[in-house]
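One structure below.
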Amino acid sequence: MDYFECMKTILAFLLLLSTRLFAGQTDTILVHSAAMNKDIKCVVITPSTTNAHWPVVYLLHGYSGNYAQWLSTAPQLQQEADAYGILFVCPDGGFDSWYFDSPVDPTIRYETFVTKELIAYIDSHYPTEADRAHRAITGLSMGGHGALYLAMHHKDLFGAAGATSGGVDFTPFPNNWGIKKDLGDYNSNKTVWDTHTVLYAADSLHNGELRLIFDCGTDDFFLPVNRALHQKLIAEKIDHDYTERPGGHSGAYWHNSIDYQVLFFHKFFAGTAPAVTSTASRKGR
């Protein structure tokens, strides 16, 4: 190996070492859910800074995923925890829970778990800024639905919310993703289905109550329902940030998308986000 190749190797090693030194600590914890009578795994990424109280972003995984999906999809979250001083919490939401309390199956109570049990646990075990001005939630696919649904129903807990490739209206897919086992058959329970969607929950919003960001790939099967939510928010004059980017329903898309959302939340926590965000898609739709 010549001198220049040796120096390149040393520099690459030092860069790798510095990346690992300045990365948030990652732990897998168990949080007990009394509502579901079981322990639930969660990944928690804490900044390496000490003597601080951190804002929190909850990250919800997609259908058939688990608590480890976000860290696998976006390992850069470990660096972003340090860069922005944010604590990330990635709970297990079950194979196909969609993050609501099922009116059909009393064992499916993930809305209760996240909003009443998980937040209380995190705020009591970590040095968090325990208020809605320093708490946000987002997710991918099923988790995108869950994040916006929970935030819209619990505006006292969350000040900002997002979704990437979110299933914000699953009523066009009545036989997919196990939803009917939690809400009943669609044809017999249309009202129940409607009221458990983000598109319906958005009716309760008043402008400025939540800082909202969501996006979807132009090749994603959830693109029409995301556009429908975007148009509904425009019609209701609810400020939000909506983006369409090239890509499909994939890990590669989410790996890229989450960086923009973390920056959005960081600005919200810091109080530097614009008072009014754009209601226009960056594709001009």
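The values are calculated or read from the model by the stated rules, or taken from the named source; none is laboratory data. What you see is a predicted model, and the numbers here were worked out from it, not measured in a lab. Methodologically, a virtual Cβ is constructed for each residue, glycine included, from the backbone with ideal geometry; neighbour enumeration extends over all protein chains shown.
Considering segment 233-242, the residues that are touching a residue at least 24 places away in the same chain (Cβ under 8 Å) and surrounded by fewer than 17 Cβ atoms within 10 Å (Cβ to Cβ) include one that is nearest to Y200 (Cα to Cα), namely E236. Scanning segment 115-152 for residues that are part of a helix (DSSP H, G or I), among the hydrophobic types (A, V, I, L, M, F, W, C) and surrounded by fewer than 21 Cβ atoms within 10 Å (Cβ to Cβ) yields L118, A120, A133, M152. Annotation note: Cβ proximity below 7 Å between a residue of segment 255-269 that is on the phi < 0 side of the Ramachandran plot and buried (at least 16 other Cβ atoms within 10 Å of the Cβ) and a residue that is outside any helix (DSSP H, G or I) and acidic (D, E) (sequence gap 6+ or interchain) occurs for S257/D215; F264/D241.
Condition check for T112 on (1) in a loop (DSSP other than H, G, I, E, B); (2) surrounded by fewer than 21 Cβ atoms within 10 Å (Cβ to Cβ): one failure, at (1).
Of all residues in segment 212-257, those satisfying the criterion of being among the β-branched types (V, I, T), closer than 11 Å to S165 by Cα and not in a loop (DSSP other than H, G, I, E, B) are V225, T243. Inside segment 184-204, residues that are closer than 18 Å to S141 by Cα and not small (G, A, S) make up a count of 7.
Matching residues to (1) out of contact with any His (no Cβ under 6 Å at 6 or more places or on another chain); (2) closer than 19 Å to R135 by Cβ; (3) at pLDDT below 95:
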site: K8; (1), (2), (3): yes, no, yes
site: L14; (1), (2), (3): yes, no, yes
site: C42; (1), (2), (3): yes, yes, no
site: S48; (1), (2), (3): yes, no, yes
site: A52; (1), (2), (3): yes, yes, yes
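In summary, A81 fulfils each of the numbered conditions (1) surrounded by fewer than 22 Cβ atoms within 10 Å (Cβ to Cβ); (2) part of a helix (DSSP H, G or I) with the single exception of condition (1).
The number of residues in segment 124-151 that are touching a Lys or Arg at 6+ places or on another chain (Cβ under 9 Å) and not aliphatic (A, V, I, L, M) comes to 3.
Residue under question is I213, and the condition is that it be touching a residue at least 12 places away in the same chain (Cβ under 8 Å), surrounded by fewer than 18 Cβ atoms within 10 Å (Cβ to Cβ) and not hydroxyl-bearing (S, T, Y); does it hold?
Criteria not met by I213.
Go through the residues of segment 39-56 one by one and say whether even a single one is in contact (Cβ under 8 Å) with a residue 40 or more places away in the chain, more than 23 Å from L263 (Cβ to Cβ), of a type in the set (A, V, I, L, M) and in contact with a Cys (Cβ under 7 Å, 6 or more places away or on another chain). No, segment 39-56 has no match at all.
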